[in-house]
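The next block holds one structure in the form of structure tokens; read it before the comments.
What follows is calculated from the coordinates using simple rules that are stated; it is not laboratory data. Because the structure is predicted, anything quoted here is derived from the model rather than measured. Because the Cβ atoms are built from the backbone with ideal geometry, glycine has one as well, and the counts that use them run over all protein chains shown.
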Amino acid sequence: MSHLAIHIRTTTAGPVMELNGELDYDSCTQVRDLLPHLTLEPGRQLVIDLTGITFCDSSGITALIAARNHAAAAHAGIVLAAVPHPISRIFSMVGLDQVFATHPTAQAAEAAWTPPAPRP
């Protein structure tokens, strides 16, 4: 059985979900089960920090797409941070590099976020 540790923290840009371990069939439900409990506000962003991911299969990819759909339903953005090279290659092969914006670190993703313009 695979192991996945998840840590959630909140920034001014929105929540950051840090994943460590294997994101696969055995562990992807952990991510999916947390999504409804994330506070996502319109105009904010969800950062998924993959620094500690050692493996990702198709179930893991499906969990990331579920996170994208959850963010879209909340009118929020989503970005991936620190995607390990082997995982990045897989994402590129299946076209996820066209679906998710990526940043080298979670801090870079947070710094790149621009707050929504105030409504008149």
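If you restrict to DSSP beta bridges whose two residues both lie in the chain, what percentage is antiparallel, to the nearest 5? Let's see the in-between values first.
Numbers: 7 of 22 bridges.
Around 30 percent antiparallel, to the nearest 5.
Treating only the Cα positions of the range 17-58 as identical point scatterers, give the base-10 log of I(q)/I(0) from the Debye formula at each q in 0.18, 0.23, 0.26, 0.34 Å⁻¹.
Taking Cα atoms of the range 17-58 as identical point scatterers yields -0.57, -0.84, -0.98, -1.22.
Roughly how tilted is helix 58-73, in degrees to the nearest 10 and between 0 and 90, from the longest Cα axis of the chain?
Between helix and principal axis, roughly 10 degrees.
5 Å is the cut-off here: which amide hydrogens, built 1.01 Å from N in the peptide plane, fall below it relative to LEU46, excluding neighbours closer than 5 in sequence?
GLY77, ILE78, VAL79
Of (i) 35, 27, 22; (ii) 51, 26, 21; (iii) 45, 37, 31, which one was derived for Cα extents along the principal axes in Å from the structure shown?
Given (i) 35, 27, 22; (ii) 51, 26, 21; (iii) 45, 37, 31, the structure-derived one carries the label (ii).
Sort 65-74, 45-54 by the packing proxy (mean of other Cβ within 10 Å over each peptide's residues), most packed first. All intermediate terms of the calculation are to be shown ahead of the outcome.
Values: 65-74: 16.1, 45-54: 21.5.
Result, highest mean first: 45-54, 65-74.
Taking R0 as 30 Å, what FRET efficiency do you get between THR10 and VAL99 from their Cβ-Cβ distance, rounded to the nearest 0.05? Before the final figure, lay out the partial values.
Working: r = 24 Å, r/R0 = 0.82.
Working from the Cβ atoms, E equals 0.75.
Could you state the angle between the C-alpha long axis of helix 85-94 and the longest principal axis of the C-alpha atoms of the chain, as a value from 0 to 90 degrees rounded to the nearest 10?
For 85-94 against the chain, the angle is about 80 degrees.
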